[in-house]
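First up is the structure itself, then whatever we jot down about it.
Read-outs: derived from the displayed coordinates by stated rules, not from any lab. Bear in mind that the values here come from a model prediction, so they are computed numbers and not experimental data. Note that each Cβ is placed from the backbone with ideal geometry, even for glycine, and that neighbours are counted across all protein chains shown.
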Amino acid sequence: MKKISIYILLLALPMQVFSQLTLSGEYRPRAEYRHGFQNMSIQDQKEAFHISQRTRINTNYKANKYEIGFVLQDVRVWGNTNQLVVNDGAFTTFHEAWGKYNFSKTLSLKLGRQEIIYDDHRIFGNVGWAQQARSHDAAILKIKGDKKDLDIGLAFNQEKALHVTTDYRRSNYKTFQYLHYNNKKWIKDGSLSLLLMNLGYQSPIEVKFQQTAGLHLKKKSNKNSYELSGYYQFGESTDTSGMSISAYQVMLSWKRALNDKSNIKLSYEHLSGLSSTKANDKITSFNPYFGTNHKFNGHMDYFYVGNHNYSVGLQDIALTYDTKVNKWQVIASLHGFLSANDILDVKEFNSSGQSKAASPYLGSEIDLAFKRKLDKDVNVVFGYSQFFGSESMEFLRGGDKAATSNFAYAMIAFKPTFFQSKK
């Protein structure tokens, strides 16, 4: 509470001392029903239900040469603190706290705790669906041109200040360096982005590095929109095996406006994976690292949301239709999931002792979402998803394909601007 009190006191300073100040907030409660969420359910499994909320106070101050931003955030589940609470623990923290200095109109440096978002969120995203979201402690040098931007990012993490060594014991990355280049002139009505990232993780002995290189391309043509991404990962694994990494991702999508209210989108994504029928001499499983993975591969989060890394990979064929009905936006998606490498047929292996591959088909998923703007600062969304698993999914992750696996949620978001001064 002391941290919050000091923060509110700072906000209460006379407004005339600032050049431009914006104070906004967010309150976002969400109710979730889970029965087979992130993994297939089993027969007679009890459903889960909870209500969580995210509360934010956002402060942004701009002067001629610099800018600072603070996002004070509290995330909790209803009921996880007593009613007569003395100290509710570490639920409140600074999600963002950064400063940006503008050396010129084209060159600036942004330092501190900040969200990093690029392109379609596949490699760098803020994971906005998660109530806590994602932010990094980093320094980013930004070079802006005429529809051409270059970001150079650096990070070096420590658990605490040490007197000897710089060993890092958290599961987070130890360090990264990256270049991100975006060019909106390279192609008419489109853009091209290039990413090169060197990511270091602390191993028991030393820091081992993994690299990601790739591109993201967008193009519009009349009623059609196209998107392409491709990334290759290499380097060395962080465990003691010493295996090298050779993994890739490819995504293609086509979207067409059917009329002024409706769109249809067809996409295919391939993320390479490991074989489970034979020994692997290198790591061939692609890692989307800091992506907003809930945005991809279905809303039930079966793949790459705290899971499925170093697995058989994934192929995702998706068809999405969105339309406006009265004041509601209705979005319906169908996903077909296949593995990108061999899955061990457990039944055949147990009976014959030979490693045979099962069907690559993992299952399908239906996602429905209904969104409406109740006010300029208030949005509501309802969603329902159901996963239809296969025997291969049972082999891979357990669960029972005959049991019902579904997920539903209801969320409302208030995002008011409390105050905004003029320059």
**OP:** Restrict the search to region 324-385; then list the trypsin sites (Lys or Arg not before Pro) that DSSP places in a loop and that have at most 16 other Cβ atoms within 10 Å of their Cβ.
**Re:** Lys327, Lys356, Lys376
Subject >> Pair Thr277, Ser364: separation of 7 Å Cα→Cβ label points (nm) >> reply: 2.4 nm
**OP:** Return the sequence-ordered ³J(HN,Hα) values of region 162-179 in whole Hz as given by the Karplus equation 6.51 cos²θ - 1.76 cosθ + 1.60 applied to θ = phi - 60°, using x for Gly and Pro.
**Re:** 10, 9, 9, 6, 10, 4, 10, 9, 7, 6, 5, 5, 7, 7, 8, 9, 8, 10
Original post:
Is the shape of the chain rounded, prolate or oblate, going by the alpha carbon gyration tensor and its root eigenvalues a ≥ b ≥ c, with a/c under 1.5 for rounded and a/b larger than b/c for prolate?
Top reply: rounded
Original post:
How many nm separate the modelled label positions at Trp78 and His163, each set 7 Å beyond the Cα in the direction of the Cβ?
Top reply: 5.1 nm
**OP:** Evaluate the distance, in nm, between pseudo-label points positioned 7 Å from the Cα of Val86 and of Ile187 along their respective Cα→Cβ axes.
**Re:** 6.2 nm
Original post:
What are the ³J(HN,Hα) values, in whole Hz, obtained from phi via the Karplus relation 6.51 cos²θ - 1.76 cosθ + 1.60 with θ = phi - 60°, for each residue of region 375-382 in sequence order, with x given for Gly and Pro?
Top reply: 7, 4, 10, 10, 10, 10, 9, 10
Original post:
Does region 300-423 classify as rounded, prolate or oblate by the C-alpha gyration tensor (a ≥ b ≥ c root eigenvalues; a/c under 1.5 gives rounded; else a/b over b/c gives prolate, otherwise oblate)?
Top reply: prolate
Subject >> Inter-part distance where region 281-340 and region 69-84 are each reduced to a Cα centre, Å >> reply: 29 Å
Original post:
By per-residue mean of other Cβ atoms within 10 Å, what is the highest-first order of 144-150, 403-409, 199-205?
Top reply: 403-409, 199-205, 144-150
Subject >> On Cα atoms only, tilt of 2-11 relative to the major axis of the chain in degrees >> reply: 50 degrees
